[in-house]
1. Which of the strands (runs of 3 or more DSSP E) contained wholly in segment 143-228 include at least 2 residues that are over 18 Å from ASP115 (Cβ atoms) and at pLDDT below 85?
2. When the residues of segment 249-265 are filtered to those that are touching a Leu at 6+ places or on another chain (Cβ under 8 Å) and assigned to a loop (DSSP other than H, G, I, E, B), which remaining residue is least open to solvent (accessible area, probe 1.4 Å)?
3. For segment 1-103, please list each of the helices (runs of 4 or more DSSP H) lying entirely inside it that holds at least 3 residues being at pLDDT 80 or above.
4. Being in contact (Cβ under 8 Å) with a residue 12 or more places away in the chain and surrounded by 18 or more Cβ atoms within 10 Å (Cβ to Cβ) narrows it down to one residue among ARG145, ARG149; which is it?
5. Among the residues of segment 188-235, count how many are hydroxyl-bearing (Ser, Thr, Tyr) and more than 25 Å from the chain's Cα centre (by Cα).
6. Taking LEU232, is it open to solvent by less than 80 Å² (accessible area, probe 1.4 Å) and either modelled with pLDDT of 80 or more or touching a Cys at 6+ places or on another chain (Cβ under 6 Å) (or both)?
Amino acid sequence: MLFHRRRPLFWLALSVCAGIGADWFLEPAPATMLVATLLLSLAILASVLACRSAQKNPWRWRVAPILCAVTAALCSGMWLHALRARIPRPDDVSVRTGAAPSLLMLRGTILDATDSGRGSAYWTVALEALGSDAGALSTTSGRVRLKMRDADAASFGEGDRVLLRALIEAPPEGMLPDSFDYATWLAQSGIHRVGVVFNQSVQRESGPSWLRPDLALRRFSTSLCRRVEALLPGEPDRAALLNALLFGRRDRVDRSDREAFAISGAAHLLAIS
């Protein structure tokens, strides 16, 4: 009764989130997840048998489908997170390339373009193909995080489909105990390779697609951020803070400002946008 009266979609969404958290914390093996999926199938069969005896025991008729739906949502959340962050596809870039540096041609779409403010820019690129040269590209999937000079990245933005040459490798893992694990942080976003773009090697093949309005909006926010910086010349800290509050672009916010917001308990203001 609690499930029916108090928004079943909310409880299903909560079960999906719980599955994502369980996979992130437990990191079960694929075989274990297959067993869990098998148990889910058995739970569905049990719910069907319970519905057949609804007249004799209406309580079973109500509870069995609810438990089945919650279990399905939980397993779905685990599989979603596992396939995104832990279990790459057979054609994923992390499967097709080794951990050692490799010089390759890449084709993909820019999902995120971040300006570090220190003469360099970082792109998150969703790959479509890779190869040793432009004439030997083959289909691939996955994401890479690429670094390039800010001057070379200024004319590109989110949604651009690009062809470039880059030196890619596995992200460095944390060596010190209790230190920030850069590789794990990237893996949670589905990124298993990082690299450096060769200067003057980026070619734009097409602009933003109308099928991705989210990338178009983020590209528009990038242009607004640059406009704010132009309106506040000589005040990069104020411009960075304003862009963080208005557009959620926190890449240029100074570390001391971040710490001040965290200490004062107002860090949520940087995430409201």
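The values are calculated or read from the model by the stated rules, or taken from the named source; none is laboratory data. What you are looking at is a predicted structure, and each value in this text was computed from that prediction instead of being measured. Note: ideal-geometry Cβ built from the backbone for every residue, glycine included; neighbour counts use all protein chains shown. Heavy atoms of the whole protein, side chains included, go into the accessibility calculation; ligands, DNA and RNA do not. Shrake-Rupley method; radii C 1.70, N 1.55, O 1.52, S 1.80 Å.
1. Details: elements: 143-149, 161-169, 191-197, 203-206.
Ranges flagged: none.
2. Just the residues of segment 249-265 that are touching a Leu at 6+ places or on another chain (Cβ under 8 Å), to begin with: 250, 253, 257-258, 261.
Then drop every residue that is not assigned to a loop (DSSP other than H, G, I, E, B), which leaves 250, 253.
Working: ARG250: 94, VAL253: 14 Å².
For segment 249-265, the residue satisfying everything is VAL253.
3. On the way: elements: 2-5, 8-26, 30-52, 58-81, 93-96.
So the answer is 8-26, 30-52, 58-81, 93-96.
4. Working: ARG149 fails: surrounded by 18 or more Cβ atoms within 10 Å (Cβ to Cβ).
Criteria check complete, one pass: ARG145.
5. Taking segment 188-235 as the starting set, the residues that turn out to be hydroxyl-bearing (Ser, Thr, Tyr) are 189, 201, 206, 209, 221-223.
Narrowing the set further to residues that are more than 25 Å from the chain's Cα centre (by Cα) leaves 201.
The qualifying residues number 1.
6. Details: open to solvent by less than 80 Å² (accessible area, probe 1.4 Å): yes; either modelled with pLDDT of 80 or more or touching a Cys at 6+ places or on another chain (Cβ under 6 Å) (or both): yes.
Spelling it out, LEU232 is indeed open to solvent by less than 80 Å² (accessible area, probe 1.4 Å) and either modelled with pLDDT of 80 or more or touching a Cys at 6+ places or on another chain (Cβ under 6 Å) (or both).
Every residue, every condition in (1) within 21 Å of SER201 (Cβ to Cβ); (2) in contact with a helix residue (DSSP H, G or I) (Cβ under 8 Å, 6 or more places away or on another chain), yes or no:
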position	(1), (2)
ALA69	no, yes
CYS75	no, yes
HIS81	no, yes
ALA100	yes, no
LEU103	yes, no
ARG107	yes, no
ALA121	yes, yes
